Each structure stands twice: as C-alpha cells, then as structure tokens.
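One structure, as structure tokens, below. Some questions next.
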Amino acid sequence: MRLSVIGCGYLGAVHAAAMASIGHEVVGIDVDERKITSLSKGDAPFFEPGLQEILTEGISSGRLSFTTDMSAAQGAKVHFIGVGTPQQAGGYAADLTYVNAAVDGLLPYLSEGDLVAGKSTVPVGTAANLAGRVAETGATLVWNPEFLREGWAVQDTVDPDRLVAGVPSEDGHPTTEGERCADVLREVYHTAIAKDTPFIVTDYATAELVKVSANAFLATKISFINAMAEIAEVTGADVTTLADAIGHDARIGRKFLGAGIGFGGGCLPKDIRAFSARAEELGKGESVAFLREVDAINLRRRDRAVDLAVTALGGTVYNKNVTVLGAAFKPHSDDIRDSPALDVAVRLHGLGAKVTVTDPAAIENARRIHPQLDYVEDRDQALTGADAVIVVTEWDEWRRDLDPAHAATLVTGKIVIDGRNCLDATAWRSAGFEYHGMGRP
C-alpha cells in the first residue's frame with residue numbers, strides 16, 4: 001500500500017521507516033529541510049535502536065522517501081499525522097498548532113476513499129473537530145494512537161502489543177464507513193494482525209482517551225512508588241523491597257514500581273498536564289485532580305536527589321566536583337526533553353558545583369541546551385577526581401558494567417547517589433563508597 005506520513009520527528013520518522021520495513025511504499029513529509037535532507041540520505045536524526053538499519057534498508061529498496069513537498073502525499077491511500085503536540089507556553093493544555101497545520105496542508109491532496117489517520121497524542125474531542133474538514137474532500141478521518149516506548153519504538157511499531165482504531169461511529173458502534181476504515185488499517189498492519197495482535201475498533205473519543213489514560217496510569221504508578229519512597233526515607237524502610245513485595249500481587253505487578261528520580265521525556269509530563277487541562281475544559285477537573293499531585297511528587301524526587309548530594313558533601317556543593325551519570329531522560333535514547341538527569345545537573349551547577357556530565361548517546365543534545373555544564377564522553381574520565389557521583393539515567397554502562405572497585409580508584413570522594421536504585425548497594429559499600437539510594441536506608 002502507498003502511505004504518507006506527515007511529520008518526521010521521533011514518531012513520524014520511526015513510523016515511516018517501520019511501515020516501509022513491512023513492505024509498504026512510504027513517503028515522509030516535513031517542513032524541516034535539514035531533517036528531510038538527513039533522512040533522505042538514510043541518516044537517522046536521533047538515536048533509537050534499530051532505526052538506522054530499517055531507515056537505510058528502506059531508502060536503498062526504494063520503498064521509503066522523504067520530502068518537504070506536501071503534494072507528494074497525493075496518491076497515497078492512508079495519510080498518517082505524526083506531528084508534535086507540545087505543552088502550550090504559559091499553560092498546561094496541548095498546543096494543536098502543528099496538527100491543524102498538517103491537516104490543512106494535506107486537504108488539497110486528498111482523494112475520495114483516502115484515510116487520514118491521526119497518530120499524534122491529542123486532547124479528547126480533537127478528532128471530532130477535524131473529521132468534518134477531512135470529510136469535505138471525500139476522505140475519512142480515523143484515530144490510530146501510538147504507544148511507543150523510546151528505546152523500543154521500532155519494535156513497538158512493527159510488533160505492537162495492541163492496535164486501536166477510532167473510526168466514524170453511531171450509538172457506540174462503527175458505521176459502515178467506519179468498518180471499511182478498520183479493514184484498511186488491518187491491511188496496513190498486516191504483519192501484526194497475522195500474529196493475532198489485539199485490534200480494538202472504537203469511536204474517536206475512546207481512541208483518544210486510550211493513549212492519554214494509559215500515560216496517566218503509568219505516571220501515577222511511578223509517582224505512587226516514589227510517594228512510598230518519601231515515607232520510607234523517614235521511617236528507615238526499603239522501598240525496593242517494598243516494591244518487590246507488592247509487585248508479586250497479580251493485581252498490581254512489578255513493572256513501573258521502580259522508585260527513583262521520577263519520569264521525564266516528551267510524553268508523560270506533558271500528557272498528564274494536557275489531560276488535566278482538558279478535563280477542566282470539560283467541567284470534570286475533579287475527576288483527574290490527582291494528576292496534579294502525581295506531577296508534584298515526580299518533581300519532588302529531583303529535589304530529593306539534589307538534597308542528598310548537598311547533605312552528603314557536608315552541607316554545600318560549592319566548588320565540589322560532581323559527576324552526573326546520564327543526560328537522556330531514559331536509557332537507549334538521546335532524548336533530553338524534561339530530563340530529570342539534566343534538571344539535577346543544572347540545579348547542582350546553580351549551587352556552585354563543578355558538574356561533569358557523561359552519557360552514551362545524549363551529550364550533543366544536552367550541550368546544545370545547557371552549554372554551562374562540562375561534558376565528557378569517556379565514563380572513566382568523567383569519574384576521575386569526582387567528589388560525588390550521581391546516577392540519574394540507568395544505562396547498562398554503569399548499572400551493570402561499572403565495577404565499583406574500579407570506580408573507587410578514579411574518584412576523589414567515595415560518595416555515590418543512586419538516583420535510579422539501579423546499583424548493587426552492597427557492592428558499592430564494600431568498595432568503600434558511602435551509598436545513598438532513593439527511599440532506601
């Protein structure tokens with residue numbers, strides 16, 4: 001099938017390359033000429049495991065191309081909208097400027113029977129507002145939310161755990177046109193359908209809510225265990241053992257019960273804020289009022305990491321050498337959007353510390369936004385002379401591969417703050433380090 005993907009950022013570039021990898025003919029369209037030039041050469045503009053390989057293969061096979069010319073979408077059967085929905089400046093609501101611009105730019109090139117498939121994360125009600133404009137061209141709007149995890153985005157696109165199709169519906173049931181649209185999407189995702197991947201057909205509003213409610217639930221689970229970490233810190237309890245114990249309950253599960261410095265990135269923080277803002281607009285703000293506290297707990301964990309560093313270094317970090325292990329908001333990514341790691345590093349720098357940051361993938365992105373920090377690519381070089389070390393992104397390079405006895409030969413002060421509770425506390429203490437975890441005695 002011939003597909004177009006409007007927006008070639010993180011979501012769009014991965015989706016375009018992944019769709020080409022399963023046999024479709026795909027054109028990716030974006031207004032950013034530099035991004036399009038890079039993608040057209042087969043160069044991934046960001047770090048995502050597996051993307052470079054399928055991008056190169058797609059370009060060389062001729063199934064994948066990129067352009068800034070919206071008219072290239074003409075002739076495609078399905079047009080995916082994968083542009084960003086950032087948080088509005090000065091507010092919590094999602095900014096739909098790019099979604100509206102993408103749809104408006106696409107309208108002149110739509111044909112009878114085409115599908116416009118929204119993948120961007122939007123406030124509930126957005127699809128209903130767009131559907132009429134699309135229908136005037138003879139095309140039909142569907143909403144097909146993405147559920148990508150950075151670091152596993154290629155896998156999540158090619159082999160998702162579920163697919164959701166929000167289609168035209170009446171009285172809670174798909175119309176005849178809605179059924180046709182669902183069948184077309186089944187063709188698009190033929191490899192996943194062949195593996196019996198759950199394919200959920202629903203109305204626009206439910207499809208939009210599936211995405212934001214999933215993110216809200218995950219954010220809540222993370223902040224819940226971090227709230228328990230706050231209690232553990234004043235009682236002497238160990239939040240890691242606590243998480244293990246309650247995680248054995250099948251109703252709860254252990255995933256996303258890792259206490260630490262909290263979540264960041266371009267999705268969870270903005271999505272829960274946008275969800276709260278939309279609920280307020282609908283007159284149901286009290287229904288998700290707890291998300292405000294979820295957000296507050298999350299941000300407090302960054303404060304806690306800084307406080308641990310200050311206390312461990314005798315009440316001040318002024319002129320102390322602090323090494324921050326991590327810049328990306330999570331491992332297997334170079335994404336620094338709302339990164340807890342960089343937030344902690346910048347705060348310590350503001351308190352007078354000499355901060356050195358290292359990361360396997362995100363140094364260039366971090367340097368561009370926070371040039372006031374020192375960056376070192378080599379891990380051992382970054383550790384040399386440190387008065388304190390803070391682990392803030394749980395890369396395998398230090399979670400699993402860094403020997404504490406080796407680290408002890410490099411640092412000046414044997415203080416380690418485990419912002420992700422990912423280190424072996426016993427091993428680090430045995431190597432002579434003063435170990436501080438998050439919610440751990």
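The values are calculated or read from the model by the stated rules, or taken from the named source; none is laboratory data. The model shown is predicted, which means the values in this text are computed figures rather than measured ones. Heads up, the Cβs are rebuilt from the backbone with ideal geometry, glycines too, and the neighbour counts pull from every protein chain shown. With ligands, DNA and RNA removed, areas are computed over all heavy atoms of the protein, side chains included. Shrake-Rupley method; radii C 1.70, N 1.55, O 1.52, S 1.80 Å.
So, in the stretch 377-393, exactly how many residues are under 19 Å from Asp403 (Cβ atoms) and surrounded by fewer than 19 Cβ atoms within 10 Å (Cβ to Cβ)?
5
Within the stretch 68-100, count every residue that is within 10 Å of Ile6 (Cα to Cα) and either aliphatic (A, V, I, L, M) or assigned to a strand (DSSP E or B) (or both).
The qualifying residues number 7.
Tell me whether the stretch 397-419 contains one or more residues that are open to solvent by 30 Å² or more (accessible area, probe 1.4 Å), closer than 21 Å to Gly151 by Cβ and out of contact with any strand residue (DSSP E or B) (no Cβ under 9 Å at 6 or more places or on another chain).
Scanning the stretch 397-419 turns up at least one residue that is open to solvent by 30 Å² or more (accessible area, probe 1.4 Å), closer than 21 Å to Gly151 by Cβ and out of contact with any strand residue (DSSP E or B) (no Cβ under 9 Å at 6 or more places or on another chain).
From (1) farther than 22 Å from Lys330 by Cα; (2) in a loop (DSSP other than H, G, I, E, B); (3) touching a residue at least 24 places away in the same chain (Cβ under 8 Å); (4) of a type in the set (A, V, I, L, M, F, W, C), pick out the condition that doesn't hold for Leu39.
Condition (2) is where Leu39 drops out.
Taking interchain pairs and intrachain pairs at least six residues apart, which have beta carbon atoms under 8 angstrom, with the first residue in the stretch 298-311 and over 13 Å from Leu351 (Cα atoms) and the second of a type in the set (Phe, Trp, Tyr) and buried (at least 16 other Cβ atoms within 10 Å of the Cβ)?
Asn298/Phe263
Taking Thr157, is it open to solvent by less than 40 Å² (accessible area, probe 1.4 Å), over 17 Å from Lys119 (Cα atoms) and hydroxyl-bearing (Ser, Thr, Tyr)?
no
Being touching a residue at least 12 places away in the same chain (Cβ under 8 Å), in contact with a strand residue (DSSP E or B) (Cβ under 9 Å, 6 or more places away or on another chain) and not in a helix (DSSP H, G or I) narrows it down to one of Thr323, Thr240, so name that one.
It is Thr323.
Among Ala328, Ala274, Ala341, which is the only one that is crowded, with 24+ Cβ neighbours inside 10 Å, assigned to a loop (DSSP other than H, G, I, E, B) and in contact (Cβ under 8 Å) with a residue 60 or more places away in the chain?
From the options Ala328, Ala274, Ala341, the qualifying one is Ala328.
Can Thr97 be described as more than 18 Å from Lys270 (Cβ to Cβ), out of contact with any Leu (no Cβ under 9 Å at 6 or more places or on another chain) and open to solvent by 40 Å² or more (accessible area, probe 1.4 Å)?
So Thr97 does not fit the description; no.
Do you know which residues across the stretch 16-28 are out of contact with any helix residue (DSSP H, G or I) (no Cβ under 6 Å at 6 or more places or on another chain) and either surrounded by 24 or more Cβ atoms within 10 Å (Cβ to Cβ) or assigned to a helix (DSSP H, G or I) (or both)?
Of everything in the stretch 16-28, those that are out of contact with any helix residue (DSSP H, G or I) (no Cβ under 6 Å at 6 or more places or on another chain) and either surrounded by 24 or more Cβ atoms within 10 Å (Cβ to Cβ) or assigned to a helix (DSSP H, G or I) (or both) turn out to be Ala16, Met19.
Another one. Looking for whichever is outside any helix (DSSP H, G or I) and within 30 Å of Ala219 (Cβ to Cβ) here; the options are Asp156, Asp161. Which one fits?
Every option except Asp161 fails the conditions.
Of all residues in the stretch 347-363, count the ones that are open to solvent by 40 Å² or more (accessible area, probe 1.4 Å), in contact (Cβ under 8 Å) with a residue 24 or more places away in the chain and in a helix (DSSP H, G or I).
Residues in the stretch 347-363 being open to solvent by 40 Å² or more (accessible area, probe 1.4 Å), in contact (Cβ under 8 Å) with a residue 24 or more places away in the chain and in a helix (DSSP H, G or I): 2 in total.
Report, by residue number, each residue of the stretch 277-287 that is surrounded by fewer than 21 Cβ atoms within 10 Å (Cβ to Cβ) and either under 16 Å from Pro123 (Cβ atoms) or in contact with an Asp or Glu (Cβ under 8 Å, 6 or more places away or on another chain) (or both).
Hits for the stretch 277-287 are Ala277, Ala279, Glu280, Glu281, Leu282, Gly283, Lys284, Gly285, Ser287.
Going through the stretch 148-186 one residue at a time, which ones are under 18 Å from Val210 (Cα atoms) and of a type in the set (S, T, N, Q)?
Thr157, Ser169
Can you tell me which of Ala232, Ala259, Ala245, Ala227 is on the phi < 0 side of the Ramachandran plot, within 25 Å of the chain's Cα centre (by Cα) and not in a loop (DSSP other than H, G, I, E, B)?
Ala227
Follow-up. What number goes with the only condition from (1) open to solvent by less than 10 Å² (accessible area, probe 1.4 Å); (2) in contact with a Ser or Thr (Cβ under 6 Å, 6 or more places away or on another chain) that Val78 does not pass?
It fails just one condition, (2).
Can I ask one more? What residue, of Ala128, Ala117, Ala102, is in contact with a Phe, Trp or Tyr (Cβ under 6 Å, 6 or more places away or on another chain) and open to solvent by less than 10 Å² (accessible area, probe 1.4 Å)?
When all the criteria are applied, what remains is Ala117.
So if I check each of Val122, Val134, which one is of a type in the set (A, V, I, L, M), crowded, with 22+ Cβ neighbours inside 10 Å and either touching a His at 6+ places or on another chain (Cβ under 7 Å) or part of a helix (DSSP H, G or I) (or both)?
Going through Val122, Val134 in turn, just one is of a type in the set (A, V, I, L, M), crowded, with 22+ Cβ neighbours inside 10 Å and either touching a His at 6+ places or on another chain (Cβ under 7 Å) or part of a helix (DSSP H, G or I) (or both): Val134.
Just one of Arg367, Arg420, Arg429 is part of a helix (DSSP H, G or I), within 25 Å of the chain's Cα centre (by Cα) and modelled with pLDDT of 95 or more; which is it?
The match here is Arg367.
When you check Phe217 against the structure, is it touching a Lys or Arg at 6+ places or on another chain (Cβ under 6 Å), under 28 Å from Ser333 (Cβ atoms) and open to solvent by 70 Å² or more (accessible area, probe 1.4 Å), yes or no?
No; evaluated as a whole, the condition is false for this residue.
Would you please name the residue that is surrounded by the most Cβ atoms within 10 Å (Cβ to Cβ), looking only at residues in the stretch 43-72 that are closer than 28 Å to Asp114 by Cα and touching a Leu at 6+ places or on another chain (Cβ under 6 Å)?
Looking at the filtered set, the residue picked out is Phe66.
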